[in-house]
Structure formats: structure tokens, C-alpha cells
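Only one structure is covered here, and it is reproduced in the block below.
The values are calculated or read from the model by the stated rules, or taken from the named source; none is laboratory data. Worth saying up front: this structure is predicted, and the values here are computed from it rather than measured. Here the Cβ positions follow ideal geometry from the backbone for every residue, glycine too, while neighbour counts run over all protein chains shown. Heavy atoms of the whole protein, side chains included, go into the accessibility calculation; ligands, DNA and RNA do not. Shrake-Rupley method; radii C 1.70, N 1.55, O 1.52, S 1.80 Å.
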Amino acid sequence: MPACSRCLIEVLPGTAVCPKCGAAIRPHVMPRPAPKRAGKSRQRLNALNAKDRVAGPATLALLVSFWLPWYHIGPFSADGLSVHGWLFIAVLNSIVLVLYVLITAFGVGDLAGLGRMSKDQLLVLMTGVNAALVVLGFLLKPAGSNWSWGAFLALAAAIVAFLPFGLPLIQAQRRR
């Protein structure tokens, strides 16, 4: 309830003059609530663009999938790295991609800023190499074996990581 600033008597809301002393009553001002601040982790995620938000988790899923079962023969299974040793190139590439997204999210720097290639060109190249190696590893399965769920996860993750950067490049090539 508002009160007179001179005699401190409470008055009804909307009263302009104090009935006891005649002083002007100032309207009661409610303080505005402070706006909610976004947490640091939310700010870091907002610093990433949509392409990095897709490519980062997809590349992390790809990185994990290299140690999951890719092929099985009866009760035995094998992961992608034990069958195709050359997939370590995709593992190293995936580690660099995940670190790149983390460095960008934390605002520490930009790895692509120092080179001759733009950021998008570098990420198209890296995710494209990963996609090509995973597709090759998927198609070159050992004789007599069947694919397991890890191979399908790796294939899907590699394609999802490549699409945000590769699709605009493919569309630009078609327009020419």
C-alpha cells in the first residue's frame, strides 16, 4: 500500500494528496524484475552456428562408433578399427573435428583462421574424408560376415556430419 512520505500514513492506491498533511503522494513504483541471464554453457552453445551444432555431436557419435561392433560372424563380432586398420585416419580426423567444435564453443580461437582454406572448406574436406572412409569401410566387409549395428551408426553419423557443409557445396556446383 502507498504511504505519505511526510507523515507515513497509509493511503489508498490512486490517492494524489495525503488526507492528513496535504503532501503529494508519489505513485508506488514496483522495481522491474531482473532479466534472467543465460548461463555460460548456454552462451557457449549460442556461439556455435547451426552447422557446428550438427557436425559436432555427429562426429562425436562417429568417433565412438569406431569401437562398436561393425561385423559379426555367428557369436563373434569385430569393430571397424580391428578389421580396417586404415580407419585410424578417420579417428584422428574425428578427434580434430570434435576439438575444433569445442574450441569454437569455448571461444578460445579459430583453427581455420590461420590457413589458406576457409572454415567451411576445411570442414567440408574433413567431414568428407570421414564420410568416404566410413563408406569404404562399410562396403568392404569381410567375407562371410554380416554388418552389425555399429557400422550403421558410423555410416549415419558420418553422413549427418558431412551434410551441413557438403550439401551447400554440392548445390553450388550444380548451379554452375
Please report the carbon-and-sulfur percent of the accessible area for the chain; probe 1.4 Å, protein heavy atoms only, DNA, RNA and ligands left out. 66
Between ALA34 and MET117, the two model label points (7 Å from Cα along the beta-carbon direction) sit apart by a distance in nm of 4.6
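When each pair of different Cα atoms in region 61-138 is counted once in the 1/r mean, what is the Kirkwood radius in angstroms, to one decimal?
13.9
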What number comes out for accessible area per residue over the chain if the probe is 1.4 Å? Units Å², please. 66
At R0 = 45 Å the Cβ-Cβ FRET efficiency linking GLU10 and VAL64, nearest 0.05, sits at 0.10
Placing each pseudo-label 7 Å from Cα in the direction of the beta carbon, CYS21 and GLN173 end up separated by a distance in nanometres of 8.3
In deg cm²/dmol, rounded to 500, what helix-only [θ] at 222 nm does the chain give when every DSSP H run of at least 4 residues adds -39500 (n - 2.57) and the total is split over its residues? -18000 deg cm²/dmol
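Quick one: length gained pulling LEU99 to ALA132 fully straight, 0.36 nm per residue minus the C-alpha distance?
9.8 nm
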Using 1/(1 + (r/R0)^6) with R0 = 25 angstrom and r between the beta carbons of ALA156 and LEU48, what's the FRET efficiency to the nearest 0.05? 0.70
State the answer as a single residue: which of ALA16, HIS84, LEU97 lies farthest towards the positive end of the charge dipole of the chain, with beta carbon charges of +1 for Lys and Arg and -1 for Asp and Glu, about the Cα centre. ALA16
Taking only the C-alpha atoms, wrap a convex hull around the chain and report its volume per residue in Å³ as a whole number. 250
So if we plug the beta-carbon distance of TRP147 and ILE89 into 1/(1 + (r/R0)^6) with R0 = 22 Å, what FRET efficiency do we get, rounded to 0.05? 0.55
Cα atoms only, region 117-176: Rg and Dmax in Å? 13.9, 45
